[in-house]
Amino acid sequence: MQSRDTHLHIGLVNVQMAESRVCFIDGEAGILLYRGYSINDLARYSTYEEVAYLLLYDRLPTTQELKDFNSQLASQRGLPAELLRTVEQFPKRANVMDNLRTAVSLLGSYYAGPAGQSLEKNLESGISLTAKFPTVVAALHRMRNNLKPVKPEASLPHAGNFLYMLHGKRPDEVATRAMDMDFILHAEHGFNASTVAARVTISTLSDIYSAVTSAIGALKGPLHGGAAGEAFKTLKQIGSVGDVESYARKALSQDGKISGFGHRVYKITDPRAVHLREVSKQLAEKTGNLRYFAIAQRLEEVAIPLLKEKRVYPNVDFYSGIVYDNLGIPEDLFDSIFAVGRSAGWVAHTLEQLQDNKLIRPLEKYTGRTESAYVPANKRK
Ligand code: ACO
């Protein structure tokens, strides 16, 4: 019998839950590696398809392997017409993450099959799910706005396809590249809350659709994937560069948090935020919509010195809202975009969990009563 760790690890802070080969993060130095490759190289030179392959197969593909993988993704992007008819009935005013969670769960009704499938079958399902994520989010967006969903276009890449299915017109290269880089930067991040939720679910030998449905539920919260929307709301609320300093001082004097700042792991600027700052600037210059970028830059200047002692710095979500806004993506979709990017990471982790599975079942430190006497209902006061 294993000896019991009597320490309490609230929030599982600093607890190592399993060995993993997917992602390395040094939060002190601001280093992020996917399968050993620097996020800086992947963001600059790679594509989402190549990164998804890397995460799933633990190596970069050859030219032929990438071509085959792209064809596989293209062949899997479509959604069953019957599923789309059900999705059309979803409440139009619901939070998009609620509808996304339900749609992914519904995909499981079509494709998951029984629990306890082979690794090969789970990999196949994982690729199909990664391919379908942009199609689902674009369809949810169009249907809630009474527009017909747009079918995927085989000649377009993953990110370009998403923008095409969302807006109904082919995006230009700058927009496609910006979306692609955003997906790459969100693709993976170790044992974050949503990934752990996915690993917990698959550790019961459930199925990958259930695992990813759990992950979407975890991602919805403002402490995780909801932060992009919150951060963008803050920029809108501030309204002008001249009002940044008073906003920041007031928020922090009231023990408030600035959305898009702070991270459980990074104690310096999140390396992903550096790339998104650059991309959001490029897009803002291209569209001429520089207001929010200017406010964000000023907020960084003002808030970093105020939060230096707590080592709280901008995270990945600080600039992503500006990127989405300049790509014509409405705020209600922000956290579901995170999910589109993260899908490959969730799949990689569920497969890794299955390869060396141990049911995830921690212990609580019980602090409740132990000697409650049962009294029949009619005698209770
Ligand atoms: N603004 C101001 N102060 C902050 C912020 C912030 N955004 N984040 C943390 N702090 C302060 C806390 O008030 C706390 O101060 P205290 O010690 O005086 O009480 C200290 O820094 C430690 O913060 P915790 O919340 O305890 O740190 P934790 O590691 O639990 O939280 C978290 C990390 C949840 C991300 C937090 O920084 C936060 O709430 N940020 C805002 C929401 C956000 O941007 N979330 C996205 C994270 S990135 C992602 O999930 C992709």
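The values are calculated or read from the model by the stated rules, or taken from the named source; none is laboratory data. These numbers come from a predicted model, not from an experiment. Every residue, glycine as well, gets a Cβ built from its backbone with ideal geometry; the counts of neighbours run over all protein chains shown. Surface accessibility is based on the protein's heavy atoms, side chains included, excluding ligands, DNA and RNA. Shrake-Rupley method; radii C 1.70, N 1.55, O 1.52, S 1.80 Å.
Residue-wise test of (1) out of contact with any helix residue (DSSP H, G or I) (no Cβ under 8 Å at 6 or more places or on another chain); (2) open to solvent by 20 Å² or more (accessible area, probe 1.4 Å).
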site: Tyr319; (1), (2): no, no
site: Glu331; (1), (2): no, yes
site: Phe334; (1), (2): no, no
site: Arg342; (1), (2): no, no
site: Ala348; (1), (2): no, no
site: Leu354; (1), (2): no, yes
site: Lys365; (1), (2): yes, yes
site: Thr370; (1), (2): yes, yes
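Scanning segment 195-222 for residues that are farther than 21 Å from Asp356 by Cβ and either away from the ligand (no atom under 11 Å from the Cβ) or in a helix (DSSP H, G or I) (or both) turns up Tyr209, Thr213, Ile216, Gly217, Ala218, Leu219, Lys220. Of the residues making up segment 223-272, those that are among the hydrophobic types (A, V, I, L, M, F, W, C), more than 10 Å from the ligand (Cβ to nearest atom) and within 27 Å of Gly328 (Cβ to Cβ) are Phe232, Leu235, Ile238, Val241, Val244. In the set (1) surrounded by fewer than 12 Cβ atoms within 10 Å (Cβ to Cβ); (2) in contact (Cβ under 8 Å) with a residue 12 or more places away in the chain, the condition left unmet by Val87 is number (1).
Of the residues making up segment 271-290, just one is touching a residue at least 40 places away in the same chain (Cβ under 8 Å) and either within 15 Å of Ile238 (Cβ to Cβ) or touching a Gly at 6+ places or on another chain (Cβ under 7 Å) (or both), namely Pro271.
So that you can scan it fast, the table gives a plain yes or no per residue for (1) in contact with a His (Cβ under 9 Å, 6 or more places away or on another chain); (2) polar (S, T, N, Q); (3) open to solvent by 50 Å² or more (accessible area, probe 1.4 Å):
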| residue | (1), (2), (3) |
| --- | --- |
| His9 | no, no, yes |
| Leu12 | no, no, yes |
| Glu19 | no, no, yes |
| Ser38 | no, yes, no |
| Asp41 | no, no, yes |
| Ala52 | yes, no, no |
| Leu60 | no, no, yes |
| Ser75 | no, yes, yes |
| Leu79 | no, no, no |
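Out of all the residues in segment 292-315, which are open to solvent by 40 Å² or more (accessible area, probe 1.4 Å) and among the charged types (D, E, K, R)? Within segment 292-315, Arg298, Glu301, Lys308, Glu309, Lys310, Arg311 meet the criteria.
Restricting attention to segment 320-353, the residues being more than 12 Å from the ligand (Cβ to nearest atom) and over 30 Å from Ser206 (Cα atoms) number 11.
Of the residues in segment 90-107, not one is outside any loop (DSSP other than H, G, I, E, B), more than 18 Å from Ile216 (Cβ to Cβ) and open to solvent by 20 Å² or more (accessible area, probe 1.4 Å).
Against the numbered list (1) under 23 Å from Phe162 (Cβ atoms); (2) over 14 Å from the mean Cα position of the chain (by Cα); (3) crowded, with 23+ Cβ neighbours inside 10 Å, Phe183 comes up short only at (2).
Of all positions in segment 146-154, none carries a residue that is assigned by TED's automatic domain parsing to the domain that holds Ala81, open to solvent by less than 30 Å² (accessible area, probe 1.4 Å) and modelled with pLDDT of 95 or more.
Gln76 meets all of the listed conditions (1) touching a Lys or Arg at 6+ places or on another chain (Cβ under 7 Å); (2) over 19 Å from Ser125 (Cβ atoms) but one, namely (2).
Yes or no, residue by residue, for (1) within 16 Å of the ligand (Cβ to nearest atom); (2) not in a helix (DSSP H, G or I):
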residue	(1), (2)
Arg142	no, no
Glu153	no, yes
Met165	no, no
Asp182	yes, no
